[in-house]
Amino acid sequence: MEFSSKLLENAVYEISQLPGIGKRTALRLALHLLKQPEDQTSHLTGALLNLRNQIKFCSSCHNISDVALCEICSNPKRDETVVCVVEDIRDVMAIENTGQFRGLYHVLGGKISPMECVGPQDLTIASLVEKVKQGKINELIFALSSTMEGDTTNFYIFKQIEGFSVKTSTIARGIAVGDELEYADEVTLGRSILNRIPFESSMKMS
Ligand SMILES: [Zn+2]
């Protein structure tokens with residue numbers, strides 16, 4: 001792509017670094033912004049900078065939060081003895097939307113993936129194991145997507161907490177293998193949380 005303006009070329013390059021955005025789309029977005037009032041660009045870049053500079057991670061569940069202890073963890077109506085293990089905030093949002101879960105979450109920040117050089121130490125597994133050791137959790141619900149990485153991560157955590165008095169379950173799969181949690185419809189996802197099955201029997205099935 002030949003540009004007559006270095007400024008435009010730089011903007012297009014930066015926008016095209018975002019996932020799913022090719023050079024053509026990036027050019028269309030850059031030209032769109034140029035047609036809009038200058039304010040709109042300031043609001044966009046301001047929101048992104050604030051997100052980047054001010055974002056916090058909940059000290060307990062590691063979910064993205066504006067405050068040190070997130071709204072879910074600090075809500076006295078939630079059942080802190082039941083913890084749902086998820087990959088990231090999109091899963092928290094999906095499960096919250098079902099309205100079927102009143103426990104807390106633990107956000108791992110990813111899945112174990114040797115291909116992408118993500119090991120257990122890159123995730124918040126140690127802090128989850130620590131919570132289990134403290135004996136405050138009665139049940140851990142694994143709600144990672146049923147990919148090989150998800151299964152590996154579940155199994156790794158399961159091994160780490162074996163021997164502690166905690167029940168482990170996994171969300172029932174109305175969800176096809178390989179489907180990401182965030183795309184499951186609310187009714188199916190809600191039902192799969194209510195109909196969760198013991199983790200050990202899920203291992204025998206696969
Ligand atoms: Zn939290």
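The values are calculated or read from the model by the stated rules, or taken from the named source; none is laboratory data. As the structure is a computational prediction, the values presented were derived from the model and not from experiment. Glycine gets a Cβ as well: all are built from the backbone with ideal geometry, and neighbour counts include every protein chain shown.
In table form, for the structure just shown:
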quantity	calculated
Yes/no for D88 being of a type in the set (D, E, K, R), within 15 Å of the ligand (Cβ to nearest atom) and crowded, with 17+ Cβ neighbours inside 10 Å	yes
Which numbered condition E71 misses (of (1) under 26 Å from F158 (Cα atoms); (2) free of Cβ contacts under 8 Å to residues at least 12 places away in the same chain)	(1)
Checking I95 against (1) surrounded by 14 or more Cβ atoms within 10 Å (Cβ to Cβ); (2) near the ligand (Cβ under 10 Å from one of its atoms), the condition it does not meet	(2)
Members of segment 189-206 found to be modelled with pLDDT of 80 or more and not acidic (D, E), listed by number	L189, G190, R191, S192, I193, L194, N195, R196, I197, P198, F199
Test result for P37, loosely packed, with under 12 Cβ neighbours inside 10 Å and under 25 Å from the mean Cα position of the chain (by Cα)	no
Search result, residues across segment 125-138 that are of a type outside the set (A, V, I, L, M, F, W, C) and crowded, with 16+ Cβ neighbours inside 10 Å	K131
Among the candidates R78, R52, R28, residue that is under 20 Å from the mean Cα position of the chain (by Cα) and under 30 Å from A11 (Cα atoms)	R52
Residue match in segment 165-187 (condition: modelled with pLDDT of 85 or more and exposed (fewer than 15 other Cβ atoms within 10 Å of the Cβ))	yes
Selection within segment 108-123 - in contact with a Ser or Thr (Cβ under 6 Å, 6 or more places away or on another chain) and on the phi < 0 side of the Ramachandran plot	L108, K111, I112
Residue match in segment 50-72 (condition: assigned to a helix (DSSP H, G or I), more than 16 Å from the ligand (Cβ to nearest atom), surrounded by 15 or more Cβ atoms within 10 Å (Cβ to Cβ) and not assigned by TED's automatic domain parsing to the domain that holds G135)	no
Subset tally (residues that are in a loop (DSSP other than H, G, I, E, B) and within 16 Å of the ligand (Cβ to nearest atom)) for segment 98-113	4
Matching residues in segment 1-49 - criterion: being part of a loop (DSSP other than H, G, I, E, B) and out of contact with any helix residue (DSSP H, G or I) (no Cβ under 7 Å at 6 or more places or on another chain)	E2, S4, S5, Q17, L18, P19, G20, G22, Q36, P37
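Conditions (1) of a type in the set (S, T, N, Q); (2) farther than 30 Å from E130 by Cβ; (3) within 16 Å of the ligand (Cβ to nearest atom); (4) not assigned by TED's automatic domain parsing to the domain that holds T168, marked per residue:
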{"position": "V12", "(1), (2), (3), (4)": "no, yes, no, yes"}
{"position": "Q17", "(1), (2), (3), (4)": "yes, yes, no, yes"}
{"position": "I21", "(1), (2), (3), (4)": "no, yes, no, yes"}
{"position": "T25", "(1), (2), (3), (4)": "yes, yes, no, yes"}
{"position": "A30", "(1), (2), (3), (4)": "no, yes, no, yes"}
{"position": "Q36", "(1), (2), (3), (4)": "yes, yes, no, yes"}
{"position": "T41", "(1), (2), (3), (4)": "yes, yes, no, yes"}
{"position": "A47", "(1), (2), (3), (4)": "no, yes, no, yes"}
{"position": "E80", "(1), (2), (3), (4)": "no, no, yes, no"}
